[in-house]
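To start, the structure under review is shown below, and the notes come after it.
The values are calculated or read from the model by the stated rules, or taken from the named source; none is laboratory data. Quick caveat: nothing in here was measured; it's all calculated off a predicted structure. Cβ coordinates were reconstructed from backbone atoms using ideal geometry, including for glycine residues, and neighbour counts include every protein chain displayed. Keep in mind that these areas ignore ligands, DNA and RNA; they rest on the heavy atoms of the full protein, side chains included. Shrake-Rupley method; radii C 1.70, N 1.55, O 1.52, S 1.80 Å.
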Amino acid sequence: MSQDAAKTTSDEVDERQLELAKAEGEAYTRSLDYMIEEVADAGGDMRTAEDYVVGYAQEEAEGMYRLESDGEFEWVEPDDENCHLEVAVTDAADGRFVPELDVQATLDPAEDDADTVGPFEVPFVWHPGLFHYGTNLEVPGEGEYDLTIEIDPPTFMRHDEENGDRYGEPVEVTFEDIEIETGQD
C-alpha cells in the first residue's frame, strides 16, 4: 500500500475501527509534537517515507532501567555517551506508532575531520509519555550533523487482505544539518 492510499473497510475492519485508529494516531502525534517542541533539545520535521512517517528528537544522554532477570532491574547511567537519540515511526495512513521495527541511524558530522557515528541500532524504548525508538551514544561533540535513519521491513504478520500489504520495503530518511547538543542528564 502506498503512502497516498487510504485504508479501506474490509471484512476485518469497519468505519468505526478506522475512526478509532485515526484518533489513536492523532493522540500519539500530539504527544510526539510535545516531546519534540517542549522536551527535547532538538527535533524536527516529520518525513513521509513509503508507508511511514519518521521523526527524531535529541537530548543529553540519560539513565534507563535495564531488566537483568525476572523482576530484577538495574538503573544504568551513561558512561561515555553524551547524546540520546529518539526516533518515532508512525503509520502514514493513521498516525499510529509502528512497533517491532529494526531501526538503524547514522550521524555524519558537518566538520570534515570528525568521524561518522554509526550506523548504530536504535531499539524500542518504553517511555511513560511516548513509545519510541531510542539509544544513548557517544558523538565527537556538539554541532551540525546529517542524521540518516534506515528502517528494515518488519517480519510481523499483517492482518487484513485489503489493507495488510504494507511496510514491505526498506526505507531511508535523511535529516540534514540538525543541531546536536551533548551532555548527560
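Could you identify the single residue in V39, V76, V103 that is modelled with pLDDT of 90 or more and either touching a helix residue (DSSP H, G or I) at 6+ places or on another chain (Cβ under 8 Å) or surrounded by 15 or more Cβ atoms within 10 Å (Cβ to Cβ) (or both)? Even if it seems obvious, please write down each step before you answer.
Numbers: V39 fails: either touching a helix residue (DSSP H, G or I) at 6+ places or on another chain (Cβ under 8 Å) or surrounded by 15 or more Cβ atoms within 10 Å (Cβ to Cβ) (or both); V76 fails: either touching a helix residue (DSSP H, G or I) at 6+ places or on another chain (Cβ under 8 Å) or surrounded by 15 or more Cβ atoms within 10 Å (Cβ to Cβ) (or both).
One residue alone meets the criteria, V103.
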Next on the checklist: Please determine whether any residue of the stretch 167-176 is open to solvent by 60 Å² or more (accessible area, probe 1.4 Å) and part of a loop (DSSP other than H, G, I, E, B).
Outcome noted: yes
Checklist outcome for this item: Restricting attention to the stretch 139-163, the residues that are surrounded by 14 or more Cβ atoms within 10 Å (Cβ to Cβ), in contact (Cβ under 8 Å) with a residue 60 or more places away in the chain and assigned to a loop (DSSP other than H, G, I, E, B) number exactly 2
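Could you check, for the stretch 120-134, whether at least one of its residues is open to solvent by less than 80 Å² (accessible area, probe 1.4 Å), over 30 Å from D11 (Cβ atoms) and touching a Pro at 6+ places or on another chain (Cβ under 8 Å)?
From the stretch 120-134, those open to solvent by less than 80 Å² (accessible area, probe 1.4 Å) are 120, 122-123, 125, 127, 129-130, 132-134; that's our starting set.
Keeping just the survivors that are over 30 Å from D11 (Cβ atoms) gives 120, 122-123, 125, 127, 129-130, 132-134.
Now narrow it down to the ones that are touching a Pro at 6+ places or on another chain (Cβ under 8 Å): 133-134.
Scanning the stretch 120-134, I find at least one residue that is open to solvent by less than 80 Å² (accessible area, probe 1.4 Å), over 30 Å from D11 (Cβ atoms) and touching a Pro at 6+ places or on another chain (Cβ under 8 Å), so the answer is yes.
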Checklist entry - Residues in the stretch 81-99: is at least one assigned to a strand (DSSP E or B), open to solvent by 30 Å² or more (accessible area, probe 1.4 Å) and modelled with pLDDT of 95 or more? => result yes
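I'm trying to understand the selection: among the residues of the stretch 101-131, which are more than 19 Å from Y56 (Cβ to Cβ) and charged (D, E, K, R)?
Initially, the stretch 101-131 is screened for residues more than 19 Å from Y56 (Cβ to Cβ), giving 111-115, 128.
Of everything in the stretch 101-131, those that are more than 19 Å from Y56 (Cβ to Cβ) and charged (D, E, K, R) turn out to be E111, D112, D113, D115.
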Checklist entry - Any idea how many residues of the stretch 132-145 are at pLDDT below 95 and within 17 Å of the chain's Cα centre (by Cα)? => result 0
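Which residues, counting only those in the stretch 107-130, are in contact (Cβ under 8 Å) with a residue 60 or more places away in the chain and not in a strand (DSSP E or B)? Talk me through it step by step, then tell me what you get.
Applying the first criterion (in contact (Cβ under 8 Å) with a residue 60 or more places away in the chain) to the stretch 107-130 yields 107, 110, 125, 129-130.
Once the filter is applied, which keeps residues that are in contact (Cβ under 8 Å) with a residue 60 or more places away in the chain and not in a strand (DSSP E or B), the stretch 107-130 yields A110, G129, L130.
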Checklist outcome for this item: T182 passes all but one of the listed conditions (1) of a type outside the set (A, V, I, L, M); (2) under 13 Å from the mean Cα position of the chain (by Cα); (3) surrounded by 15 or more Cβ atoms within 10 Å (Cβ to Cβ); the exception is number (2)
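Output the residues belonging to the stretch 65-98 that are of a type outside the set (G, A, S) and free of Cβ contacts under 8 Å to residues at least 40 places away in the same chain. Before the answer, list the steps.
In the first step, residues of the stretch 65-98 are kept if they are of a type outside the set (G, A, S); the result is 65-68, 70, 72-87, 89-91, 94, 96-98.
If the condition is that a residue be of a type outside the set (G, A, S) and free of Cβ contacts under 8 Å to residues at least 40 places away in the same chain, then Y65, R66, L67, E68, D70, E72, F73, E74, W75, V76, D79 are the ones that fit.
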Checklist entry - Can you name every residue in the stretch 147-185 that is under 23 Å from D102 (Cα atoms), in contact with a Ser or Thr (Cβ under 7 Å, 6 or more places away or on another chain) and modelled with pLDDT under 95? => result D160, N163
